[in-house]
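Please treat every number below as a calculation from the coordinates, not as lab data. This is a predicted model, so every value here is computed, not measured. Positions of Cβ are generated from backbone atoms using ideal geometry, with glycine treated the same way; all protein chains shown enter the neighbour counts.
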Amino acid sequence: MDSESGSRLFGFIGAGATLGQLFGSLFATGMAWLGPFLLLFAALLMEFAAQSAKGINFDISQLPEELAPISETTSDMQKEADERTIQSSNISSPEPSTLAGKPQLWTILDGLRLIMSSTYLMSVSLFLWLGAVVSSFFYFQKVSVIATTVSSSLERRKLFAQINSFIAIFILTGQLTMTGHILTVAGVTIAICSAPFVALLNMVALAVWPTWVAIAVSETLRKVVTYVVTRPGRELLFTVVSRDEKYKAKLCIDVVVQRLGDATAAGMYKLLYSTHNGRASTVSLYAVPICLLWIVTAYRLGRRQTQLAKLQNVPTS
């Protein structure tokens, strides 16, 4: 999939996940009184999703080679794993679990090598790491503010479910009507700069007005902009790199870089929250410099992606 086709199709593909969010939020709103027992229903849906994934893998395996790059990459990884297994079996007999864990670990390490050897992929990693830090920081801030302003656990569950229901409706409408148009007209740079800019506004708003109303408005803006505009633009960042870089580096970013962002935000928030005695307005201000750095990184990365996309479309003689 190239940058142009990705711009047109991503919104319709993402709408499926949004429908699931809408259904789950509406269900949770009506069944909030079940409390922890809602987790059993969530586990059942996760099992259905896992079974559906088997069907996706089967369909991909039936595609022609040029239409199934993921399948081909997986096949190459399996061949490499088999070769390493044969070579190691001539020397010793390692544990089966070690052999089974090698392919994915090798892919992550190879992805890390690709990231370190490319300034573009390093910029992508920094952009996504900053995004994970800010998103997790906002999540902790959201939970803290709601916990101090809404006393009943039942009311908190209903409030979160209602907020997510409204968000899902807005996201679904945007994905079906606006995503492709925005990416085509505005471009990747504006798309990936939107989320950092909204995050900056949200942190300032929470510093001035740390209430559940501010949380509801901020969460709605953040998720709508992220899923309608920035998330599709983020996926287009990988349309200007090689297939090897796309799948191996992206796996490393998803597994390592973004999880490091989550851990960084958790550590930062715990330290700041305890230092300032739980004052949400003060804690929010510490995320403002991170949002500014995120905006600058997004702008430079978007310009670089646009340049690479133009070079990719130049016909070679």
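Computed quantities for the displayed model
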read-out	value
Relative contact order (%) - criterion: Cα under 8 Å, at least six apart; region: the range 102-305	42 percent
Per-residue HN-Hα couplings for the range 149-166 [Karplus 6.51, -1.76, 1.60; θ = phi - 60°; Hz; x = Gly/Pro]	9, 10, 7, 7, 5, 5, 5, 5, 4, 5, 5, 4, 5, 5, 4, 5, 5, 4
Computed FRET value (nearest 0.05) for residue 201 with residue 42, which takes r as the C-beta separation and R₀ as 45 Å	0.90
Net charge of neighbours whose Cβ lies under 11 Å from the Cβ of residue 189, counting Lys and Arg as +1 and Asp and Glu as -1	+3
Charge dipole magnitude, Cβ of K and R +1, D and E -1 - the range 102-305, Cα centre, debye nearest 20	140 debye
Over 23 Å between alpha carbons, listed pairs 142/270; 246/270; 158/223; 223/246	246/270; 223/246
Relative contact order of the range 198-317, defined on C-alpha pairs under 8 angstrom at six or more residues apart (%)	44 percent
Cα gyration tensor category, rounded, prolate or oblate, for the range 102-305 with a/c compared to 1.5	prolate
Karplus-derived HN-Hα couplings along the range 184-198 (A = 6.51, B = -1.76, C = 1.60, θ = phi - 60°), whole Hz, x at Gly and Pro	5, 8, 7, x, 5, 4, 5, 4, 7, 7, 5, 4, x, 5, 5
Contour excess over end-to-end distance, with Cα ends at residue 109 and residue 262 and 0.36 nm allotted per residue	53.1 nm
Local net charge near residue 298, Cβ-Cβ under 12 Å (Lys/Arg +1, Asp/Glu -1)	+4
